[in-house]
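> Following this message is one structure expressed as structure tokens.
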């Protein structure tokens, strides 16, 4: 019976472990994600040391000074304070805060610029526009726009210019770095970079309603040659994006991947025009109140 019980417990443990997998944020594929991972590991390690010391002292005190038989009448000496103890438990938290704050602030400011390893390379500019519940990626220099996926060259900084057509979203590609907010009527920026070819999952990290969970996209990091081949093929074969088609795409909902040989930036930049999506939906006869009632 004991053996059966142990076997059952072991089997249960395997079931729980089947849900475990490598955390993308701890498996970086670019310098930005690497810096963020180092900061996460440092912060967790420092906090674990603090927790271990606190619980160790707690266990020692409740064991060492617990009530014992024969000591019921013991009265401890009166104390008004201990200068050195008070200095210690004031200075130590200050040191802990400094050890957390300094690398955090340093990393935040470093990530405002292109990665140091590729500062001599010109960044590829991509406008990433969020809309309920899809992503538009516009390449202004290449005159290409994609929906729910993008291609990038490896080992080159990517400057994402972020905005939103409606709800506030957040661009996040865990293995490359992030996140940064997308907001209507405002432009935010983030530098990311892939150090090796691969397919990376990206998503909206800010709740935006019922379609939020499926507002995801794929990032295809390729060699510069393959990326240029994709650019050339798209420019030659993909249809142009019209304003009518773009207005249709702005209707709330999910759409499959799409590719165009022109961008919506030719008639609207949502960082400067926060009301465009509302008017576009009106032109399409979309009633938000009626849609929500269904």
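The values are calculated or read from the model by the stated rules, or taken from the named source; none is laboratory data. These numbers were taken from a predicted model, which means no experiment stands behind them. Here the Cβ positions follow ideal geometry from the backbone for every residue, glycine too, while neighbour counts run over all protein chains shown.
> Within segment 143-157, how many residues turn out to be closer than 17 Å to residue 236 by Cα and either surrounded by fewer than 20 Cβ atoms within 10 Å (Cβ to Cβ) or free of Cβ contacts under 8 Å to residues at least 40 places away in the same chain (or both)?
Selection size over segment 143-157: 1.
> Are any of the residues in segment 174-181 under 22 Å from residue 259 (Cα atoms) and surrounded by fewer than 23 Cβ atoms within 10 Å (Cβ to Cβ)?
No, that holds for no residue.
> Please verify whether residue 87 is more than 24 Å from the chain's Cα centre (by Cα), more than 23 Å from residue 202 (Cα to Cα) and at pLDDT 95 or above, treating the condition exactly as stated.
For residue 87, the condition - more than 24 Å from the chain's Cα centre (by Cα), more than 23 Å from residue 202 (Cα to Cα) and at pLDDT 95 or above - is not met.
> Okay, moving on. Give me a count of the residues in segment 113-138 that are without any contact (Cβ under 8 Å) to a residue 40 or more places away in the chain and out of contact with any strand residue (DSSP E or B) (no Cβ under 6 Å at 6 or more places or on another chain).
Within segment 113-138, residues that are without any contact (Cβ under 8 Å) to a residue 40 or more places away in the chain and out of contact with any strand residue (DSSP E or B) (no Cβ under 6 Å at 6 or more places or on another chain) number 4.
> Report, by residue number, each residue of segment 256-269 that is touching a residue at least 40 places away in the same chain (Cβ under 8 Å) and either surrounded by 15 or more Cβ atoms within 10 Å (Cβ to Cβ) or over 24 Å from residue 125 (Cα atoms) (or both).
Across segment 256-269, the qualifying residues are 258, 259, 260, 261, 262, 263, 264, 265, 269.
> Please specify each residue of segment 234-291 satisfying the condition of being in a loop (DSSP other than H, G, I, E, B) and more than 23 Å from residue 208 (Cα to Cα).
Within segment 234-291, 238, 239, 240, 241, 242, 261, 262, 263, 267 qualify.
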